């Protein structure tokens, strides 16, 4: 049984359950399990390079055929006024 909400309709998932990206604690396997269960599993990826990002997404996609999300954590950029 699905639970239709604005979220489920917007991201086309069955249940309004979202796995938050939790750094090294939760990876692609857990995100895939949440997505396979009808929710939306999110993972976090360090932004080292575009090729590393593509490789990580491909690796995580091996665990599910449903949608998962990927958040990118970019390195902190220092502004010219910061010391």
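The values are calculated or read from the model by the stated rules, or taken from the named source; none is laboratory data. For clarity, every value in this text was computed on a predicted model and none was experimentally measured. In this analysis, Cβ positions are derived from the backbone assuming ideal geometry, glycine residues included, and neighbour counts consider all displayed protein chains.
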Conditions (1) at pLDDT 85 or above; (2) surrounded by fewer than 17 Cβ atoms within 10 Å (Cβ to Cβ) -> residue 55 fails only (1)
Identify the residue in the stretch 21-38 that is at pLDDT below 85 and farther than 16 Å from residue 62 by Cβ and, among all such residues, is nearest to the chain's Cα centre (by Cα).
21
Quick check: anything in the stretch 6-18 modelled with pLDDT under 80 and within 12 Å of the chain's Cα centre (by Cα)?
no
Subset of the stretch 1-32, residues without any contact (Cβ under 8 Å) to a residue 24 or more places away in the chain, in a helix (DSSP H, G or I), surrounded by 12 or more Cβ atoms within 10 Å (Cβ to Cβ) and out of contact with any strand residue (DSSP E or B) (no Cβ under 7 Å at 6 or more places or on another chain), comes to 7, 8
Please specify each residue of the stretch 33-60 satisfying the condition of being touching a residue at least 24 places away in the same chain (Cβ under 8 Å), part of a loop (DSSP other than H, G, I, E, B) and more than 14 Å from residue 71 (Cα to Cα).
38, 39
